[in-house]
Amino acid sequence: MGIVRLTPSEARRVALAAQGFHAARPAKAGPRHLAATIDRLGLHQIDSVNVLVRAHYLPAFSRLGAYDTSVLDRRAWGPRR
């Protein structure tokens, strides 16, 4: 395979699609949407910054819209005890 040349606009579209910004947000994001987003990203950093909302809720929100944050909490820490 030879060298592939992309315009800046094409490179931006490829990068955004790789991060999950290529598709419209689901009408109602459920646990499967959240799992697919985390799988696509390969990791989900838990962060304690709490200015508006905990920072670790924002990557999924930016890709899915409103979602049940308790689903992410259970994936990160397991069921509540």
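The values are calculated or read from the model by the stated rules, or taken from the named source; none is laboratory data. Remember, it's a predicted structure, so these values are computed and weren't measured experimentally. Positions of Cβ are backbone-derived with ideal geometry, glycine not excepted, and every protein chain shown enters the neighbour counts. With ligands, DNA and RNA removed, areas are computed over all heavy atoms of the protein, side chains included. Shrake-Rupley method; radii C 1.70, N 1.55, O 1.52, S 1.80 Å.
Restricting attention to segment 1-44, the residues being surrounded by fewer than 10 Cβ atoms within 10 Å (Cβ to Cβ) and in contact with a Lys or Arg (Cβ under 9 Å, 6 or more places away or on another chain) number 1. Going through (1) out of contact with any helix residue (DSSP H, G or I) (no Cβ under 7 Å at 6 or more places or on another chain); (2) in a loop (DSSP other than H, G, I, E, B); (3) among the hydrophobic types (A, V, I, L, M, F, W, C) one by one, ILE46 falls short only on (1). Could you say whether any residue in segment 45-63 is at pLDDT 90 or above and open to solvent by 80 Å² or more (accessible area, probe 1.4 Å)? Yes - at least one qualifying residue is present in segment 45-63.
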